[in-house]
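Every number here is computed from the coordinates shown, using simple stated rules; none is lab data. Here the structure is a predicted model, which is why all the values come from computation and not from measurement. Methodologically, a virtual Cβ is constructed for each residue, glycine included, from the backbone with ideal geometry; neighbour enumeration extends over all protein chains shown.
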């Protein structure tokens, strides 16, 4: 890999993290009643997304939908089979209950994501259109469900009202 491509990938990671960090900062500013600071953080987060997507596009790492689904399956599978089990073990050893909870729910949800991506690629490979369904995401743990949210999240027990419908 040439140095510029590696730099683009590193920049993509940094910009992506800045986006999420600024959205968290915006949420905190809103909680504290600083709506203008929240607006600024949200605007900066959107700009970081533009930067990240530009960098990713230039790397050539955006492929066909089928290839992108396979990449997503691989990434999600790595997370729930390798990454999170290792992180869970460390958090357990260090008795960090908050990190342990966060890693455990993420690990469970990554498995769900892999299943959803596998379902999509299976339909594509059979030449079938993907079924039109809405997706809902638990705002507490990230659990992702098709069609309608359950009364209680099966991952974290959050009530139905905590599920958001991404646009």
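Brief remarks follow.
- Put simply, the C-alpha atoms of region 3-59 give a gyration tensor, and the ellipsoid matching it has half-axes of 27, 9, 6 Å, longest first.
- Selected from 98, 36, 128 as most flexible by GNM, with the chain as the system and alpha-carbon contacts under 10 Å: 36
- Max mean-square fluctuation residue, GNM over the chain, Cα-Cα springs under 10 Å, options 31, 146, 93: 31
- Mean residue ellipticity (222 nm) of the chain, computed from DSSP H runs ≥ 4 via -39,500 (n - 2.57), nearest 500: -22500 deg cm²/dmol
- Between the entries (1) 1.03; (2) 0.98; (3) 1.18, the label attached to Cα Rg over 2.2 N^0.38 Å calculated for this structure is (3).
- Pairwise FRET efficiency - residue 10 versus residue 70, Cβ, R0 = 22 Å, nearest 0.05: 0.40
- Neighbour-count order for 51, 113, fewest beta carbons within 10 angstrom listed first: 51, 113
- Rotationally averaged projected area of region 68-167 (alpha carbon convex hull; nm²): 6.9
- Top of 68, 157, 143 by mean-square fluctuation, Gaussian network on the chain, Cα under 10 Å: 157
- Whole-number percent relative contact order across the chain, with pairs defined as alpha carbons under 8 Å at least 6 apart: 15
- Residue exposure proxy: 103, 25, ordered by other Cβ atoms within 10 angstrom of their Cβ from fewest to most, comes out as 25, 103.
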